[in-house]
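Read the structure below first, then the notes.
The values are calculated or read from the model by the stated rules, or taken from the named source; none is laboratory data. If you're wondering where the values come from, they're calculated on a predicted model, not measured in any experiment. Heads up, the Cβs are rebuilt from the backbone with ideal geometry, glycines too, and the neighbour counts pull from every protein chain shown. Heads up: the accessible areas ignore ligands, DNA and RNA and are worked out on the full protein's heavy atoms, side chains in. Shrake-Rupley method; radii C 1.70, N 1.55, O 1.52, S 1.80 Å.
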Amino acid sequence: MCRVCGGTVHQFFDFGRQPLSDMFLGPGDLEHEFFFRLAVGICESCTMTQLMDEVARDRMFHDAYPYHSSGSVHMRRHFEQTANRFLDTHLSGRGPDPFIVEIGCNDGVMLRTLGKAGVRHLGVEPSGGVADLARANGVRVRTDFFEEPTAADIVAEEGTADLIYAANTICHIPYIGSIFRGVDALLAPDGAFVFEDPYLGDILDRTTFDQIYDEHFFFFTVRSVQAVAARHGFEVVDVERLPVHGGEVRYTITRRGTRTPTAAVAELADLERARGLGTREAFDPFAADIERIRHELVTLLRGLAAEGKRVVGYGATAKSATVTNYCGIGPELISFVCDATPAKHGKLMPGSHIPVRPGEALADPYPDYAVLFAWNHAEEIMAKERAFHEAGGRWILYVPEVHIV
Ligand code: DWN
Ligand code: SAH
Ligand code: ZN
């Protein structure tokens, strides 16, 4: 049943049994590894694309949640620019003491800039480990899931918010009705709710099927976000396409009738309508492309293994859980994955059980090939690892097609 409107969700792809994408395993964890059915569908009533089955939130977002948003220079810059933009727009001209709430602030990658600028702020972040990192960055954090009761508490304690912001978080939250009711309770009458998430149009255009995993419950379009906003008395008044994480859209949402929507909203919604993005049929080529990419990637890796080539992975991303487990790639094809996140070191990747090693392991000695699982950070990583390429090493990418660089 659709988590937005209660309509029927039509499944269009089933990845089968999958582990939790960010559940890196220590020695004692192998016996009770958790699996669920990863399948995705669309509700043609409200156009929302969503997972068929949902994982309990505390299994995914807890004190040991390993993803640190500040791990990429490029993303740090993106969020610093975002914060500075807010200072000039949503947070300006709103009296002496504007207040911003961020849902899913993680390690404070965005709020630290506003904290330094002296802006009153609050991050709401259920994962205790990353919330502590945010505090160490001078950010005020409430370790909690944002939902309707949390919003009621915050408004009682601190008053209404001028801006509520979330990046890569609203798409993680199946109980989106409770989010909108919470926003309604907490947001000042003329405040804005701004969020950015991977854009379904880009996922289909580039066959980035690895954006589909336990944590990513919704795959938004302008029209599906309009549908959920409208149910709660809100409307989308601006959209902006962002180049991060393989293509995202930033939605600006306000109470219905308080602002005139920009032309960009209707333009993108019209494009979606023209390409049938709200219907099941839109996913037919996607499903075929996913299967083809699996075949090509596995054929390439098996061929390299047969030739005795050394192949490793780069970036123990959440996304890579879908790739490795759906394609059946284990340590026999990729001997280890290197990643700069200390919390992932010495652990095994979920499901595939490929070992994770520090970034330095790449050069110890350089392998023949490295599969770039963190393809969304390609520019940053390829620049950092130029010596690998100069030594004759080659990158394997599978976005938008399987190719070698
Ligand atoms: O939506 C989500 C996004 C924002 O972050 C979450 N559900 C989980 C997570 O997804 P992901 O793990 O696919 O995100 P990234 O940003 O693609 O992860 C990059 C990984 O690569 C991190 O583990 C850090 C690592 N890395 C590295 O080892 N060296 C990254 C860079 C840039 C590097 O130079
Ligand atoms: N905003 C960061 C973090 C994205 S990862 C960035 O863009 O990089 C998603 C984050 O959402 C995790 O830190 C997770 O703990 C958090 N999260 C999940 N459910 C949440 C909820 N109901 N309220 C607030 N944060 C939530
Ligand atoms: Zn629906």
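Couple of notes before you dig in:
- Gyration tensor (alpha-carbon) shape descriptor, region 59-258, a/c threshold 1.5: rounded
- Listed by chain and number, the aspartates and glutamates placed with their C-alpha closer than 14 angstrom to that of K319 are D22, D210, D214, E215, D339; residues fewer than eight positions away on the same chain are left out.
- Gain on full stretching of the segment that runs from A136 to A363 - 0.36 nm per residue minus C-alpha separation: 78.5 nm
- Both radii come from the Cα set of region 284-404: Rg as radius of gyration, Rh as Kirkwood radius; their ratio Rg/Rh reads 0.94.
- Label-to-label distance for K309 and D88 is 4.6 nm, based on points extended 7 Å past Cα in the beta-carbon direction.
- Put a plus charge on the Cβ of each Lys and Arg, a minus charge on the Cβ of each Asp and Glu, and nothing anywhere else: the dipole of the chain about its Cα centre is then about 320 debye.
- Gain on full extension, evaluated as 0.36 nm per residue between Q11 and A387 minus their Cα-Cα distance, stands at 130.9 nm.
- Note on E31 and A274: the extension gain reaches 82.6 nm, defined as 0.36 nm multiplied by sequence separation minus the Cα-Cα distance.
- Spin-label model, E80 to T262: label points 7 Å out along the Cα-to-beta-carbon direction sit 2.4 nm apart.
- Volume per residue of the C-alpha convex hull in the chain, rounded to whole Å³: 135
- Cα-only Debye scattering, region 124-232: base-10 log of I(q)/I(0) at q = 0.11 Å⁻¹: -0.40
- Under the combined filter of DSSP loop state and at most 15 neighbouring Cβ atoms within 10 Å, region 255-291 retains these trypsin sites (Lys or Arg not before Pro): R256, R259, R275.
- Taking all protein chains into account, the per residue accessible area for region 164-205 stands at 19 Å² (1.4 Å probe).
- In the context of the full set of protein chains, region 218-368 has a per residue accessible area of 41 Å² (1.4 Å probe).
- Within the accessible area of the chain (1.4 Å probe), percent carbon and sulfur: 50
- Here region 9-52 is assigned +1 on the Cβ of each Lys and Arg and -1 on the Cβ of each Asp and Glu. Its dipole about the Cα centre then comes out at about 160 debye.
- Disulfide-incompatible cysteines by the Cβ rule (no partner under 4.7 Å) in the chain: C105, C171, C327, C338
- Note on C5: accessible area is roughly 40 Å² with a 1.4 Å probe, heavy atoms of protein only.
- FRET E, pair R302, A230, Förster distance 56 Å, beta-carbon r, rounded to 0.05: 0.70
- Calculated FRET value between D190 and E332, using beta carbons and R₀ = 60 Å, to 0.05: 0.55
- Virtual paramagnetic centre 7 Å along Cα→Cβ of M52, amide N under 16 Å, in region 1-27: 1-3, 8-19
- Order by protection proxy (mean Cβ within 10 Å, highest first), peptides 51-62, 216-227, 13-24: 216-227, 13-24, 51-62
- Rg and Dmax over the alpha-carbon atoms of region 1-143 stand at 19.0, 57 Å.
- Karplus-based coupling profile of region 99-104, in residue order and whole Hz: 10, 10, 10, 10, 8, x, with θ = phi - 60° in 6.51 cos²θ - 1.76 cosθ + 1.60 and x standing for Gly or Pro.
- Solvent-accessible surface of region 1-151, averaged per residue with a 1.4 angstrom probe and all protein chains in place: 43 square angstrom.
- Span-like helix check, the chain: qualifying full DSSP H segments, with Cα axial length of 20 Å or more and mean Kyte-Doolittle of -1.0 or more, are 284-306.
- If only the Cβ of Lys and Arg carry +1 and only the Cβ of Asp and Glu carry -1, the dipole of region 267-405 around its Cα centre is close to 420 debye.
- Ordering G28, Q11, S45 by Cα displacement along the dipole of region 9-52 toward the positive end leaves S45 in first place; charges were set at the Cβ atoms of Lys, Arg (+1) and Asp, Glu (-1).
- Value of [θ]222 nm, deg cm²/dmol, for the chain, DSSP H segments ≥ 4, -39500 (n - 2.57) each, nearest 500: -9500 deg cm²/dmol
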